[in-house]
Amino acid sequence: MFELLMGELKRTWIQFIRYPAEVIAGLFIITTVFYGLFLSAQYMAGPAVGFGDRLDAVVIGYVAWTLILYIVNDIAIGLQLEAQTGTLEQVFCLRLEHLRFLSPEPSPVWRCA
Amino acid sequence: MTLELPSFPTTHFASNASELTATLEVHHLRKSYGRGKKRFEAVRDVSLTIYAGEVLAFLGPNGAGKTTTIKMIAGLIRPDSGSVRIAGLDPHQQARALKQVGAVLEGNRNLYWKLTALENLDYFGVLRGVSSRLARQRGSELLKQFDLLDKRNTPVQKLSRGMQQKLAIAVALIHQPRLLLLDEPTLGLDVEASETVKTLVRQIADAGCAILLTTHQLDVAEELSDRVAIIRQGQIIAEKPTRDLIQQFSGSTYQIKFEGDLDENRKQAIAALGAMAHPNQITFSGKSTQLYQLLDLLKPLPLVEVVKDRADLTQIFLKLVRGEQHV
């Protein structure tokens, strides 16, 4: 079980870090988008409007909302991608005995002709 | 290329097929999709048996039910009725049965494209219960045997299609399964890569692994398979040893090509044997003893070739699938 967890973490980390330029570009784009959003909001509100402590709440709330959306989407996109590459079926082919409690039905249903 | 593949746990390999224990036994599998009027039966009463070291080509047109059957064998789809036994275990009830199965199913090579060849072998090895150290060791051996050792640290997306296919097969073998399911193993490969994969498949079978192979390339099936099962509209319409099936559909006509001209006496003698003489060619449909009399008549003309009409799997497949002939 522990080896399985380590194997999965290792795979996820390798996939994340394989192309460093991709990671750096992603971080840069997200930072720029958020920074642009705040600047735009401040510009539209004008200098007279002071957000005070509420600005922090708005920022944190927006970031949290975006991250949750990203996580939810990432699961769906990940599943779709793995189904396309055929790795999802490979993983389901294993049906590990010690993880059976996760799936009371012995086999997932795949529709195909 | 000579491969020394790891020996598979056959335990029951014997010279006589009837004495063998089946690696895969499929009995009366059925699967339907949809409800009411939209309900259709994708698989109807399919039964198959594969022994250790045997290659079964599972053929059929698109939508015939091949993939559904394979996925029921791999435990991915639950059948409506019928049973699957892999080395005596039911993959739908006993997860241990799936440890005996390696599969390269349809899809884009079944590999993680950002991982290197060795990382893929390591990951899938661990997933199949092999320790990371052993998986890397076996992985390196397989890469060496599959002529991919110099590509062990190359990400999969930078490998050619042929290399990806070989790697996918290597990944399926990392836990030394008794049964290998191959769905279209030579699809989209060039001639050389296709030949390499065919050699690998044959050598894996020779090492004792039972192989269920589906393909639309019937020449590949003819070359690789020991037995053929043809499925149409969810039903098996033929299942026989490949050689027997080809023999059954082959004619007994000989084409004899020669150089030079025949005189009138010889032409009459040839006609008396029931053969038809054309310029530089004779067509003969008779007993093989008469064939030698015919060849004697042609002495001393140089023979170019003597060919017996032989059906190929493509012709047989088309006849059976179109319902023109029954086995």
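This table checks each residue for (1) open to solvent by less than 80 Å² (accessible area, probe 1.4 Å); (2) within 38 Å of the chain's Cα centre (by Cα).
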site: B:Asp219; (1), (2): no, yes
site: B:Arg227; (1), (2): yes, yes
site: B:Gln233; (1), (2): no, yes
site: B:Ile246; (1), (2): yes, yes
site: B:Ser252; (1), (2): yes, yes
site: B:Pro279; (1), (2): no, no
**Message:** Here are the criteria: (1) away from chain A (no Cβ under 14 Å); (2) farther than 28 Å from A:Thr85 by Cβ; (3) in contact with a strand residue (DSSP E or B) (Cβ under 9 Å, 6 or more places away or on another chain). Tell me which single one B:Phe40 does not satisfy.
**Reply:** (1)
**Asked** Looking at region B:63-74, is at least one residue free of Cβ contacts under 8 Å to residues at least 12 places away in the same chain, over 27 Å from A:Arg11 (Cβ atoms) and open to solvent by 10 Å² or more (accessible area, probe 1.4 Å)?
**Response** yes
**Prompt:** In region B:96-115, what count of residues is obtained for those that are without any contact (Cβ under 8 Å) to a residue 12 or more places away in the chain and either farther than 30 Å from B:Pro155 by Cα or open to solvent by less than 60 Å² (accessible area, probe 1.4 Å) (or both)?
**Reply:** 2
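Tell me the residue from B:Lys38, B:Lys31 that is among the charged types (D, E, K, R) and modelled with pLDDT under 90, please.
B:Lys38
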**Qualifying position, being within 22 Å of the chain's Cα centre (by Cα), within 14 Å of chain A (Cβ to nearest Cβ) and under 16 Å from B:Leu182 (Cβ atoms), among B:Gly53, B:Gly75, B:Gly65, B:Gly60** = B:Gly60
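Residues being farther than 25 Å from B:Leu76 by Cβ and either more than 14 Å from every other protein chain (Cβ to nearest Cβ) or open to solvent by less than 50 Å² (accessible area, probe 1.4 Å) (or both): count how many of those fall in region B:132-151.
Total satisfying the criteria: 13.
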**Request:** Would you point out the residue of region B:155-164, among those that are surrounded by 15 or more Cβ atoms within 10 Å (Cβ to Cβ) and over 24 Å from the mean Cα position of the chain (by Cα), that is farthest from B:Thr199 (Cα to Cα)?
**Result:** B:Pro155
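The values are calculated or read from the model by the stated rules, or taken from the named source; none is laboratory data. The shown structure was predicted, so the numbers you read here are calculated from the model rather than taken from an experiment. Positions of Cβ are generated from backbone atoms using ideal geometry, with glycine treated the same way; all protein chains shown enter the neighbour counts. Side chains included, ligands, DNA and RNA excluded: accessible areas come from the protein's heavy atoms. Shrake-Rupley method; radii C 1.70, N 1.55, O 1.52, S 1.80 Å.
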